[in-house]
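Only one structure is covered here, and it is reproduced in the block below.
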Amino acid sequence: SAKDSDIPVTQYSMKPVELVGMLKIDFLGLKTLTSIQMCVDAVEERVGTKIDWINLPLDDIKTFELLNQGKTLGVFQIETGGMQELARDLHLDRFEEILAVTSLYRPGPMDMIPSFINRKHGREPIEISHPWMDEILQETYGIMVYQEHVLSIASKLANYSLGEADILRRAMGKKEADKMAEQRQKFRLGCLDNGIEEVVSMAIFDKMEKFAAYGFNKSHAAAYGYLTYVTAFLKAHYPKDWMAALMTCDSHDISKIAKLVGECQSMGISLLSPDLNESNKNFFAAVDGIRFAMGGIKGLGEGVVETILQERKARGPFKSLYDFLNRMDLKKVGKKSIELMVDAGCFGFTNWTKDELRTSIDPLYETISKEKKEASLGFLNLFAAKEDVDPRFLTPPKVLKKTSEMEELFKQKELLGFFLTGHPLDHFKEVLLRSGSMPLSHGEGEDSIFRAAFLVEEIKTRFASKSQKKFAILTVSDREERVELPVWPELFEKKGEHLFENRLYLGVVEAQGKEEGRKLSCLWLEELTRVDDAILNECDREFDRAKSRSEFRKKEKPPEKKKEEIIVVEPLKIKGDLGRMRMSQILALKKLFRSHPGKRPVFLSFQVEGKEKALLSISETWGVDPSPQLIEKIKSLQFEVG
């Protein structure tokens with residue numbers, strides 16, 4: 001059965017399914033579509049604007065400005081640093097360019113990106129093999145990007161029907177040698193019928209064949225590219241609603257939420273604590289920022305949230321903790337749920353402190369539970385028939401023990417997944433300034449050594465496979481980043497017993513690699529609360545040692561050999577009938593090769609009844625320049641070329 005369903009499911013491999021004549025369809029579910037619909041619905045509810053996101057104008061200036069500034073976190077397909085850099089370098093100004101860059105930014109076609117950028121900005125000439133291809137490749141500056149380019153070129157230059165062109169595309173993509181030989185001949189003859197010389201047509205065929213290995217389907221690129229455009233449009237015009245929709249869809253992933261919160265901060269959007277009178281089940285755009293979802297509070301059940309929202313909708317906002325308990329069915333909303341809501345900040349509208357609210361929960365809960373029970377038995381309460389509040393609950397109670405601000409922050413993180421109203425590192429600003437501490441994202445894109453302050457969220461201990469020494473993989477975070485930070489055996493042996501979760505540390509960190517491949521490691525650390533002048537001096541010494549070691553390694557590292565440029569050239573294949581071939585023909589061939597030297601490799605195929613029996617590579621001895629004159633002379637010797 002399918003997951004979470006009673007529907008029976010049977011699986012078959014796709015090839016046999018196609019062979020028996022059945023239709024195979026791939027259905028792809030995208031969370032992005034849910035985010036878009038959430039955002040569109042929220043905008044309509046909030047400001048009354050109905051966004052027809054299926055038919056957006058494709059020339060919106062604000063959308064392209066956002067893309068070209070690299071502000072693409074939360075924009076479909078182009079969130080990575082590499083894509084952000086590409087968008088900035090290219091300076092997107094047409095929808096078609098979104099399709100092109102998302103199709104090129106993959107292994108294989110990535111090599112074309114510098115040329116694509118240079119051609120757009122006029123720094124490199126646009127080279128097109130034949131004038132008839134100009135219209136086909138105009139939008140991509142003469143570079144083949146899509147599989148549809150193969151279809152169009154074959155149709156226009158070689159008189160293929162679109163069905164025949166698709167067979168050519170598939171043969172190229174699957175690298176089927178027999179079919180490719182047939183297609184090469186068909187393409188050559190079709191081009192000759194249109195007056196296109198064989199040398200030109202074969203050069204075009206070679207380019208198409210090389211491209212087909214990684215060509216992207218344009219219809220697929222257009223569908224995905226449109227989602228890129230829509231998400232950029234929503235972020236540019238309705239940033240709060242869009243970021244709220246993303247947070248709702250990623251509410252289960254703390255790392256993603258933390259990144260989205262950081263992006264909101266960079267955009268000047270505040271994330272507001274959950275509020276009993278404003279929050280909904282999901283995140284939503286409020287006047288002052290994005291209101292945290294009540295459904296995002298850990299431990300608060302969906303049923304409790306639904307009960308609260310129904311009561312609020314039926315009888316209006318809550319006035320106080322007393323009013324809330326008085327109106328709630330306490331069998332559905334228990335004391336634990338109320339404590340969670342207080343800790344999460346849901347009762348901020350009362351202007352009572354969290355400690356005052358916590359102190360009030362027990363006496364209030366007991367009193368109101370008793371009153372509700374007595375009312376069900378027919379007893380009347382002094383305040384039951386009036387709107388008055390029991391005077392005992394009008395003023396906040398006296399608090400005997402206050403919760404520290406640091407404790408409040410950690411409770412907040414426990415319930416909401418991250419620090420919302422501040423960060424524990426904010427309490428150590430002076431120490432961080434004196435230590436020269438940098439964010440964990442510092443040095444991104446290059447190898448570097450730096451000092452950083454961070455919170456240890458999780459500790460996983462491991463044993464080295466060879467030495468069997470213990471080390472740790474820490475999950476650490478600061479205000480912007482959440483990353484893995486290994487503490488290797490030598491350091492773990494010294495500091496392992498001082499490592500604890502939910503503690504703050506100052507460390508010397510080494511970063512290596514770029515973007516997604518970037519890796520950090522910890523070279524020294526000390527608990528932040530213990531940092532004094534002596535420890536700051538120790539930190540400086542370790543930092544200097546690490547920098548020296550790093551510089552020494554760079555000097556000792558042998559210079560990288562310059563990579564040779566490898567040009568893939570289609571070999572010139574010459575076919576001869578083995579039964580009719582004479583030594584004089586071979587000697588004449590040898591003479592021709594010597595008189596037309598070049599870089600094109602040569603293969604001699606010995607055929608019997610049209611089938612290849614042997615293939616001889618003579619490229620180690622000769623390479624040729626396959627001019628039309630040479631091709632004609634080879635054919636005159638009763639050999640076939642191609």
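The values are calculated or read from the model by the stated rules, or taken from the named source; none is laboratory data. What you are looking at is a predicted structure, and each value in this text was computed from that prediction instead of being measured. Here Cβ is always computed from backbone atoms with ideal geometry, including for glycine, and neighbour counts include all displayed protein chains. Only protein heavy atoms, including side chains, enter the accessible area calculation; ligands, DNA and RNA are left aside. Shrake-Rupley method; radii C 1.70, N 1.55, O 1.52, S 1.80 Å.
Residues that are at pLDDT below 80, surrounded by 12 or more Cβ atoms within 10 Å (Cβ to Cβ) and over 12 Å from Phe593 (Cβ atoms) within the stretch 616-642 comprise just one, Gly642. Applying a threshold of 7 Å to beta carbon distances and a minimum spacing of six or more residues, or different chains, the list of pairs starting in the stretch 410-428 at a residue that is over 12 Å from Arg479 (Cβ atoms) and touching a residue at least 24 places away in the same chain (Cβ under 8 Å) and ending at one that is surrounded by 19 or more Cβ atoms within 10 Å (Cβ to Cβ) and of a type in the set (Asp, Glu) reads Lys411/Asp343; Leu415/Asp343.
Take the stretch 279-318 and flag every residue that is free of Cβ contacts under 8 Å to residues at least 40 places away in the same chain and open to solvent by 60 Å² or more (accessible area, probe 1.4 Å). Hits for the stretch 279-318 are Lys281, Val287, Asp288, Glu302, Glu306, Gln310, Lys313, Ala314, Arg315. Within the stretch 315-345, being farther than 18 Å from Leu394 by Cβ and of a type in the set (Ser, Thr, Tyr) holds for one residue alone: Ser337.
For the stretch 212-266, the tally of residues that are among the aliphatic types (A, V, I, L, M), within 22 Å of Leu28 (Cα to Cα) and open to solvent by 50 Å² or more (accessible area, probe 1.4 Å) stands at 1.
Take the residues in the stretch 490-509 that are of a type in the set (D, E, K, R) and either part of a strand (DSSP E or B) or out of contact with any Lys or Arg (no Cβ under 8 Å at 6 or more places or on another chain) (or both), then tell me which one is nearest to Ser548 (Cα to Cα). Break it down into steps so the answer makes sense when it comes.
Within the stretch 490-509, the first condition is being of a type in the set (D, E, K, R), and the residues that meet it are 490, 493-495, 497, 501, 503.
Checking which are either part of a strand (DSSP E or B) or out of contact with any Lys or Arg (no Cβ under 8 Å at 6 or more places or on another chain) (or both) leaves us with 490, 494-495, 497, 501, 503.
Details: Glu490: 19, Lys494: 22, Lys495: 23, Glu497: 28, Glu501: 31, Arg503: 30 Å.
Ranking the qualifying residues of the stretch 490-509, first place goes to Glu490.
For Thr395, the conditions (1) modelled with pLDDT of 85 or more; (2) more than 30 Å from Asp275 (Cβ to Cβ); (3) assigned to a loop (DSSP other than H, G, I, E, B) all hold with the exception of (2).
Kindly establish whether Ser270 is open to solvent by 50 Å² or more (accessible area, probe 1.4 Å), within 30 Å of Val483 (Cα to Cα) and touching a strand residue (DSSP E or B) at 6+ places or on another chain (Cβ under 8 Å). If you could, list the steps in order and put the result at the bottom.
Details: open to solvent by 50 Å² or more (accessible area, probe 1.4 Å): yes; within 30 Å of Val483 (Cα to Cα): yes; touching a strand residue (DSSP E or B) at 6+ places or on another chain (Cβ under 8 Å): yes.
Spelling it out, Ser270 is indeed open to solvent by 50 Å² or more (accessible area, probe 1.4 Å), within 30 Å of Val483 (Cα to Cα) and touching a strand residue (DSSP E or B) at 6+ places or on another chain (Cβ under 8 Å).
Can you tell me how many residues within the stretch 213-238 are part of a loop (DSSP other than H, G, I, E, B) and closer than 27 Å to Leu271 by Cβ? Can you show your working first?
Quick first cut of the stretch 213-238, residues part of a loop (DSSP other than H, G, I, E, B) only: 213-215, 217, 238.
Still in the list and also closer than 27 Å to Leu271 by Cβ: 238.
Of the residues in the stretch 213-238, 1 are part of a loop (DSSP other than H, G, I, E, B) and closer than 27 Å to Leu271 by Cβ.
Summed over the stretch 239-278, residues that are assigned to a helix (DSSP H, G or I) and among the aliphatic types (A, V, I, L, M) total 10.
Please verify whether Phe216 is within 26 Å of Thr350 (Cβ to Cβ), in contact (Cβ under 8 Å) with a residue 60 or more places away in the chain, touching a strand residue (DSSP E or B) at 6+ places or on another chain (Cβ under 9 Å) and of a type outside the set (Gly, Ala, Ser), treating the condition exactly as stated.
Working: within 26 Å of Thr350 (Cβ to Cβ): no; in contact (Cβ under 8 Å) with a residue 60 or more places away in the chain: yes; touching a strand residue (DSSP E or B) at 6+ places or on another chain (Cβ under 9 Å): yes; of a type outside the set (Gly, Ala, Ser): yes.
No, not satisfied.
Screening the candidates Ile290, Ile257 for the property of being of a type in the set (A, V, I, L, M), closer than 30 Å to Glu311 by Cβ and modelled with pLDDT under 90 yields one hit, Ile257. Of all the listed residues (Ile98, Ile54, Ile126, Ile78), the sole one being hydrophobic (A, V, I, L, M, F, W, C), open to solvent by 60 Å² or more (accessible area, probe 1.4 Å), under 27 Å from Tyr238 (Cβ atoms) and out of contact with any Cys (no Cβ under 8 Å at 6 or more places or on another chain) is Ile54. Does the stretch 12-29 include one or more residues that are out of contact with any helix residue (DSSP H, G or I) (no Cβ under 6 Å at 6 or more places or on another chain), open to solvent by 80 Å² or more (accessible area, probe 1.4 Å) and within 22 Å of Glu139 (Cβ to Cβ)? No.
When the residues of the stretch 57-70 are narrowed to those that are crowded, with 16+ Cβ neighbours inside 10 Å and on the phi < 0 side of the Ramachandran plot, which ends up farthest from the chain's Cα centre (by Cα)? Give the derivation first.
Going through the stretch 57-70, the residues crowded, with 16+ Cβ neighbours inside 10 Å turn out to be 60, 63-64, 66-68, 70.
After this cut, where a residue has to be on the phi < 0 side of the Ramachandran plot as well, the list is 60, 63-64, 66-68.
Values: Asp60: 24, Thr63: 19, Phe64: 19, Leu66: 17, Leu67: 15, Asn68: 18 Å.
Once the filter is applied, the top-ranked residue is Asp60.
Taking the stretch 41-50 as the range and being open to solvent by less than 90 Å² (accessible area, probe 1.4 Å), out of contact with any Ser or Thr (no Cβ under 7 Å at 6 or more places or on another chain) and touching a residue at least 60 places away in the same chain (Cβ under 8 Å) as the test, only Ala42 passes.
Among the residues of the stretch 119-137, what is the count of those that are in a helix (DSSP H, G or I) and under 30 Å from the mean Cα position of the chain (by Cα)? Residues in the stretch 119-137 being in a helix (DSSP H, G or I) and under 30 Å from the mean Cα position of the chain (by Cα): 3 in total. Filtering the stretch 112-143 to residues that are among the β-branched types (Val, Ile, Thr) and either in contact (Cβ under 8 Å) with a residue 60 or more places away in the chain or closer than 20 Å to Ala158 by Cβ (or both) leaves Ile128, Ile136.
Mind listing whichever residues of the stretch 510-541 are open to solvent by less than 80 Å² (accessible area, probe 1.4 Å) and part of a strand (DSSP E or B)? Glu510, Ala511, Leu520, Ser521, Cys522, Leu523, Trp524, Leu525, Glu526, Glu527 - these are the residues of the stretch 510-541 that are open to solvent by less than 80 Å² (accessible area, probe 1.4 Å) and part of a strand (DSSP E or B).
Of Ile167, Ile204, all but one fail to be in a helix (DSSP H, G or I) and in contact (Cβ under 8 Å) with a residue 24 or more places away in the chain; the exception is Ile204.
If I filter the stretch 73-99 down to residues being within 22 Å of Met247 (Cβ to Cβ) and outside any loop (DSSP other than H, G, I, E, B), which single residue comes out as modelled with the lowest pLDDT?
We begin by selecting, within the stretch 73-99, every residue within 22 Å of Met247 (Cβ to Cβ); these are 73-81, 83-84.
Next, from what is left, pick out any that are outside any loop (DSSP other than H, G, I, E, B): 81, 83-84.
Numbers: Gly81: 75, Met83: 84, Gln84: 82.
The residue in question is Gly81.
Once the stretch 315-341 is narrowed to residues that are under 42 Å from the mean Cα position of the chain (by Cα) and not in a loop (DSSP other than H, G, I, E, B), the residue that is nearest to Ile368 (Cα to Cα) is Lys335.
Checked against (1) among the polar types (S, T, N, Q); (2) in contact with a helix residue (DSSP H, G or I) (Cβ under 9 Å, 6 or more places away or on another chain); (3) open to solvent by 40 Å² or more (accessible area, probe 1.4 Å), Ser477 passes all but condition (3).
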